[in-house]
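K.L.:
One structure, pasted below without further comment.
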Amino acid sequence: MTLATSPAAVEKFLSAYENADQAKSPGWLSDTRQQAWSIFSELGIPVKRRGNELWKYTNLTPVAESDFEYDLSGSVSIDQVRSTSPWDDTWNIAVVVDGRFNADLSNLTEDDGVSVGSLSDAFSSGSGEIESQFASLAGREEYAFTALNTAFASDGAYVAVAPGVKLGNPVQVIFVTSDSAKSRASYPRLLVDVGSDSSITLIETYVNLSLSRQLSVPVTEIFAASDATIRHYRIQMENENSFHLATTRVAQMEDSQFTSTSFAVGSSIARNDIHTSLDAPGASCTLHGLYMTSGQQQQDQEISTTHVKPGCTSDQFYKGILSGNSRAAFSGKVVVKRDAQKSDATQKDLNLLLSRGARIDAKPSLEIYADDVVAAHGATAGHVDSDTLFYLQSRGIDEEAAKAILIRGFAEEMIDEFEPESLNAFVEQVASERIPVLLAESDTIGTT
Amino acid sequence: MLEIQNLHASVLDIENSEILKGVDLKVNKGEVHAIMGPNGSGKSTLANVLMGRPDYEVTDGDILVDGESIAELRPDQRAHLGLFLAFQYPAEIPGVRPWQFLKAAHDAKAEARGEEKMSVRNFTKLFDEKVEAVGINPDLVKRSLNEGFSGGEKKRNEMLQLEVLQPSMAILDETDSGLDVDALRIVAEGVNSMRSPERSFIVVTHYQRLLNYITPDIVHILVDGKIAQTGGPELALVVEKDGYREYLPAAGATG
């Protein structure tokens, strides 16, 4: 009886936590980590879904039932990184292996006004506002996976842009899971501090060199000072046996802009939980993304924005292409607080279902406490249209090729958002390799 | 040459839905045929059945191109043999640009015929020439295919496809009475400029208006799924004047 209500799977992480390296952590960090562990040990893995809005669509039982080692001995070659991730020699690139920053694999340019490097170094040297920023957006809240990540936080990547700096070259952080036959857990961590009136293009990439089941629990915290402009991209393509349970938290000050596009094709169970808090007047955020699923994959987008102050804009727009017996969920939430007059909020989730076995749960929701607000939301799920298919066929394009063109067309507007040339080419390539996989598992199109 | 023999067709999987009830028609190379008829006579169905639309089923008779039956072929295979259907309401295809779409179509046809695919450079040259010839706003072809195009722009785009793909048998489905004069003119210009001894056209239309701009060699009146009368261009004028009443059973009974 007590078993049903006790937190799930906590003991599986306990010995790893007890053995985790605390030596280099400054005192404040050790305290934060201990607090986080106690939060996680009370919550456990959220396997209970009934009555639990946050986890209603995400079945985490497979995660709770698996065992993961905590092992930082894996090694990765530069060729492995370059062949699996977007890469451009002009980019400022930090590579993080199994949660540890790796200077040898990184491509750190000497661009002025930006520091890109190890989170561990930033902890020990007390860089910038790190003590007050770290785990202030994610980690102390009542949320199992941010707590779990924070409990293990000893390294990761740190990106800081000085005030008034407009960066030309993108900064990329690549989180690589090393090749191993063992199932392991890793806790990628990223802290981004963008000064006032600065701009940055930031690419976050998650790749997996292992084919076995890995658990990745990333946490990213982003601070946008007033008038900061952040163009953010997120690429998630871990292997299809793995679990990816990610949290991104963004705090935005006056007139800051945060624009994000994600491309998620990986993992057995993946969850992309992003929250932006529009904390000062005039802030705007754009949260867009494309997910493609096949086989037994599950991809969940948990997208939320809080309008705290007046005159802010939020735009959530996701597109999904689902095949096989895969599932996806879009849970979009916008909260407009009472003070946040003149808010403008839109939410949209459009899905293309290629098979009878695929399923999308879309739940856009608006919670509005102010009275002067413009808000709209919508979600659709449809199949490839047979009239459109006939149109293409009548021009000499066979059914398979026609379907591929239509799927690619559906994805186009999201792929177009990946602006840096090398990044666009990478996404284009991955998408064009994925489409035939999705098509091979499709069954609802071409029938009338 | 296209030969339609005793063609019967029904809506797929629906019983007693026969629309074409024995159509016989022969279109020689270089000829322009107009098919006219009252609403519900099966004109649009005939155009779609010729192209192999999967919503219809041929239950009897045959369609021959140069003596070979195409009734069992897929739409893309018919296109490779030189058939083309200009749609009344072409589909809007988000995220697919006209260039990209037509290159895929052009390549598929070349491949099926064992010809060499045109290089990107040469195809772009051809495409740009045709865009200019058809008079499409070049900005438009950078956008998604037909998405947000006006009626006239969609027609121009169909004519662009006709020009680029150079079919030997073009079928134009212009059944709708609601087409504006501008759209009719665009279609007519497309047909007239493409008319050649090597290419035939079937123009399906309800009103004679379109035939003010295109002079057909032969006019057929389709009534209740069969050709009721065949004649020269003057037949269209008779229909324009008297309507289809004389072809309908029990004239007056339907009001």
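Throughout, read-outs are computed from the coordinates displayed, never taken from laboratory work. From a predicted model like this one, the values you see are computed outputs, not experimental measurements. Note that each Cβ is placed from the backbone with ideal geometry, even for glycine, and that neighbours are counted across all protein chains shown.
K.L.:
Among rounded, prolate and oblate, which fits chain B when a ≥ b ≥ c are the square roots of the eigenvalues of its C-alpha gyration tensor, a/c under 1.5 means rounded, and a/b larger than b/c means prolate?
P.N.:
Prolate shape, in that a/c is at least 1.5 and a/b is the bigger ratio.
K.L.:
While we're here: Consider just the alpha-carbon atoms of the stretch A:41-148 and return their Rg together with their Dmax, both in angstrom.
P.N.:
Rg, Dmax (Cα atoms, Å): 18.3, 51.
K.L.:
Figure the gain on full extension for A:Ala425 and A:Ser77 (residue separation times 0.36 nm, minus the Cα-Cα span) and round it to one decimal in nm.
P.N.:
Fully extending the segment from A:Ala425 to A:Ser77 adds 123.0 nm.
K.L.:
Which order results if A:Thr61, A:Thr150 are arranged by neighbouring Cβ count within 10 Å, fewest first?
P.N.:
Neighbour counts put them in this order, fewest first: A:Thr61, A:Thr150.
K.L.:
Could I ask something else about it? Looking only at other chains, what is the average number of their beta-carbon atoms within 10 angstrom of each beta-carbon in A:399-406?
P.N.:
4
K.L.:
How far is helix B:181-194 tilted off the main Cα axis of chain B, in degrees rounded to 10, range 0 to 90?
P.N.:
Its long axis makes an angle of about 70 degrees.
K.L.:
Which lysines does B:Lys26 reach when only Cα atoms under 28 Å apart count, and residues fewer than 8 places away in its own chain are ignored?
P.N.:
B:Lys43, B:Lys109, B:Lys155, B:Lys226, B:Lys241
K.L.:
Let me confirm one metric for peptide A:380-388, namely the mean number of other chain beta-carbon atoms within 10 Å of its residues' beta-carbons.
P.N.:
2
K.L.:
Fewest to most neighbouring Cβ within 10 Å: what's the order for B:Glu174, A:Glu53? Working shown, then result.
P.N.:
Numbers: B:Glu174 26, A:Glu53 11.
Ordered from fewest to most neighbouring Cβ atoms within 10 Å, B:Glu174, A:Glu53 come out as A:Glu53, B:Glu174.
K.L.:
Round to a whole angstrom and tell me the spacing of the C-alpha centers of the stretch A:140-198 and the stretch A:270-329.
P.N.:
Cα centroid to Cα centroid, the span is 19 Å.
K.L.:
On to the next question. For A:Asn351, list long-range residues whose amide hydrogen, built 1.01 Å from N in the peptide plane, is under 5 Å from its own amide hydrogen.
P.N.:
When sequence neighbours closer than 5 places are left aside, the close amide H contacts are A:Gly320, A:Thr380, A:Ala381, A:Gly382.
K.L.:
Of the lysine pairs in the stretch A:2-280, how many meet both conditions: Cα atoms under 24 Å apart, and a spacing of 8 or more in sequence or different chains?
P.N.:
On the way: A:Lys12/A:Lys48; A:Lys12/A:Lys56; A:Lys12/A:Lys182; A:Lys48/A:Lys56.
Step by step, the pairs that qualify in the stretch A:2-280 add up to 4.
K.L.:
Rounded to the nearest 10 degrees, what's the angle between the helix B:98-112 long axis and the longest principal axis of chain B, both from Cα atoms, 0 to 90?
P.N.:
The two axes meet at around 80 degrees.
K.L.:
Determine the shape class of the protein assembly as shown: with a ≥ b ≥ c the square roots of the Cα gyration tensor eigenvalues, call it rounded for a/c under 1.5, and otherwise prolate if a/b is greater than b/c, oblate otherwise.
P.N.:
Verdict is prolate for the protein assembly as shown.
K.L.:
Which FRET efficiency value, to the nearest 0.05, is calculated for B:Arg209 and B:Glu246 with the Förster distance at 22 angstrom and r the Cβ-Cβ distance?
P.N.:
Values: r = 20 Å, r/R0 = 0.91.
Result of the calculation: an efficiency of 0.65.
K.L.:
Where a ≥ b ≥ c are the square roots of the eigenvalues of the C-alpha gyration tensor, would you call the stretch B:72-222 rounded, which needs a/c under 1.5, or, failing that, prolate if a/b is larger than b/c, or oblate?
P.N.:
oblate
K.L.:
Then there is this: How tilted is helix B:120-134 with respect to the longest principal axis of chain B? Cα atoms for both, answer in degrees (0 to 90, nearest 10).
P.N.:
50 degrees
K.L.:
For a Förster distance of 51 Å, can you work out the FRET efficiency between the beta-carbons of A:Asn19 and B:Asn192, rounded to the nearest 0.05?
P.N.:
0.05
K.L.:
Hey, which aspartates and glutamates would be in cross-link range of B:Lys21, C-alpha to C-alpha under 13 Å, not counting anything within fewer than 8 residues on its own chain?
P.N.:
Cross-link targets: B:Glu57, B:Asp60, B:Asp62, B:Asp224.
K.L.:
So how do A:14-20, A:216-222, A:181-187 stack up, highest first, on mean other-Cβ count within 10 Å?
P.N.:
Descending mean neighbour count gives A:216-222, A:181-187, A:14-20.
K.L.:
Using helices alone, I'd like the mean residue ellipticity at 222 nm for the protein assembly as shown: each DSSP H run of four-plus residues gives -39500 (n - 2.57), total over residue count, nearest 500.
P.N.:
Numbers: 18 runs with 189 residues, N = 703.
Mean residue ellipticity at 222 nm (helix-derived): -8000 deg cm²/dmol.
K.L.:
In addition: Within the stretch B:99-132, find all residues whose amide N lies under 17 Å from a label point positioned 7 Å from the Cα of B:Asp139 along Cα-to-beta-carbon.
P.N.:
Once the point is set 7 Å along Cα→Cβ of B:Asp139, B:132 turn out to lie under 17 Å by backbone N, inside the stretch B:99-132.
K.L.:
For the residues A:Val76, A:Val374, what sequence is obtained by ranking on other C-beta atoms within 10 Å, fewest first?
P.N.:
If I rank by nearby Cβ atoms, fewest first, I get A:Val374, A:Val76.
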